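Enquirer: Please see the structure below; I have some questions.
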Amino acid sequence: MTIVEKLQEAIGMTPTYTPEERAKVRAEAMDIAADVPWFSTILEHHIELEEAFANVKEAADESSRAEAQQILAFLLTAHANAEEAIVYPMMAIVGEASGAKHAYGEQAMAKMEMVKLDEIPVKMSKDYLEKLEEIRLAVAHHMMEEERDLFPTLAEKASDEQNEKLSVKYDEEFTNYAGEPDYEDDDAQDAA
Ligand SMILES: [Fe+2]
Ligand SMILES: [Fe+2]
């Protein structure tokens with residue numbers, strides 16, 4: 001069973017949304033996030049993750065693909081750690097424990113699959129691209145659930161103080177792992 005099939009089984013549904021439906025969810029999430037700094041930062045990180053996945057896929061040779069994979073893994077871990085440290089616990093506190101547990105499970109699976117990807121020796125191989133796409137679809141589905149259901153609910157149920165705490169702590173936890181985002185400097189150097 002693929003990771004996507006496991007996810008589909010876990011949630012009891014098959015994701016059948018179109019790109020237009022996905023864009024609508026993103027736009028609605030951005031509207032909500034305009035007044036919710038932690039949600040707005042997370043949306044920025046989701047967009048960066050989408051770009052990081054695309055960069056791995058589009059890499060033209062082994063070494064550039066290895067480098068793009070490192071950047072993807074770095075960003076994915078920084079983002080996941082910050083959600084796991086403050087966002088999912090707060091979901092449980094406001095009465096959304098089952099959503100939190102579900103999200104923890106999906107992220108644990110993504111972390112395991114990223115190491116499997118790293119273990120594939122030939123990065124320009126078909127096996128590598130298939131594993132990459134499997135993970136990309138699973139992460140895309142997870143982000144869709146966060147943007148459409150989990151995080152709008154959290155933003156609404158959390159008190160002003162809890163939303164403030166989420167914003168401060170998400171940034172803190174992300175920075176604890178990522179420090180200053182020098183992966184952006186790498187991009188700037190590549191473009192120069
Ligand atoms: Fe997440
Ligand atoms: Fe997320």
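What follows draws every value from the coordinates through simple rules; no lab data is involved. Please read all numbers here as calculations on a predicted model, not as lab measurements. For neighbour counting, all protein chains shown are included, and Cβ atoms are generated from backbone atoms with ideal geometry for every residue, glycine included.
Enquirer: Can you bin segment 50-108 into rounded, prolate or oblate? Criterion: square roots of the alpha carbon gyration tensor eigenvalues sorted a ≥ b ≥ c, rounded for a/c under 1.5, prolate for a/b above b/c, oblate for the rest. Could you put the intermediate results ahead of the total?
Expert: Numbers: a/c = 4.24, a/b = 3.34, b/c = 1.27.
Here segment 50-108 falls in the prolate category.
Enquirer: Mind sorting Phe174, Phe151, Phe74 by how few other Cβ atoms lie within 10 Å of their own Cβ, fewest first? Each step should come with its number before you reach the end.
Expert: Values: Phe174 22, Phe151 26, Phe74 16.
Taking fewest neighbouring Cβ atoms as first place, the list is Phe74, Phe174, Phe151.
Enquirer: Quote the charge dipole size of segment 24-133 about the Cα centre in Debye, to the nearest 20; the model charges only the Cβ of Lys and Arg (+1) and of Asp and Glu (-1). Mind dumping the intermediate values first?
Expert: Values: 10 positive and 21 negative charges, 50 e Å.
Value, rounded to 20: 240 debye.
Enquirer: Also: What's the magnitude of the charge dipole for segment 10-87 around its Cα centre, counting Lys and Arg as +1 and Asp and Glu as -1 at the beta-carbon? Answer in Debye, nearest 20. Please report the intermediate quantities before stating the final value.
Expert: Numbers: 5 positive and 15 negative charges, 36 e Å.
In total the dipole reaches around 180 debye.
Enquirer: While we're looking at this one, here's another question. At 0.36 nm per residue, minus the direct Cα-Cα distance, what do Asp61 and Glu28 gain on full extension? Give it in nm, one decimal, please.
Expert: Numbers: separation 33, 0.36 × 33 = 11.88 nm, distance 3.76 nm.
So the extension gain works out to 8.1 nm.
Enquirer: Say the dipole of segment 37-190 comes from +1 at the beta carbon of Lys and Arg and -1 at that of Asp and Glu; which of Ser64, Ala85, Phe39 then lies farthest toward its positive end?
Expert: Ala85
Enquirer: Let me ask another. What is the percent of Cα-Cα separations in segment 69-150 that go past 22 Å?
Expert: Cα-Cα pairs in segment 69-150 separated by more than 22 Å: 29 percent.
Enquirer: Further, regarding this structure: Arrange the following residues from fewest to most other Cβ atoms within 10 Å of their Cβ: His102, His79.
Expert: Details: His102 19, His79 24.
Lowest count first: His102, His79.
Enquirer: Let's see if you can work this out: charge +1 on each Lys and Arg Cβ, -1 on each Asp and Glu Cβ, no other charges. What is the dipole magnitude of segment 112-153 about its Cα centre, in debye to the nearest 20? Present the calculation step by step, with values, prior to reporting the outcome.
Expert: Values: 6 positive and 11 negative charges, 39 e Å.
Taking the Cα centre of segment 112-153 as origin, the dipole is about 180 debye.
Enquirer: Using a 7 Å offset from the Cα along the Cα-to-Cβ direction at both Val168 and Glu51, what is the distance between the two label points in nm, to one decimal?
Expert: Spacing of the two 7 Å Cα→Cβ label points: 3.0 nm.
Enquirer: Can you classify segment 45-192 as rounded, prolate or oblate using the Cα gyration tensor, where a ≥ b ≥ c are the square roots of its eigenvalues, rounded means a/c under 1.5, and otherwise it's prolate if a/b beats b/c and oblate if not? It would help to have the intermediate numbers written out before the result.
Expert: Numbers: a/c = 2.61, a/b = 1.68, b/c = 1.56.
Here segment 45-192 falls in the prolate category.
Enquirer: How high is the relative contact order of segment 1-160, given as a whole-number percent (alpha carbon pairs under 8 Å, six or more residues apart)? Working shown, then result.
Expert: Details: 106 pairs, mean separation 52.0, N = 160.
It rounds to 33 percent for segment 1-160.
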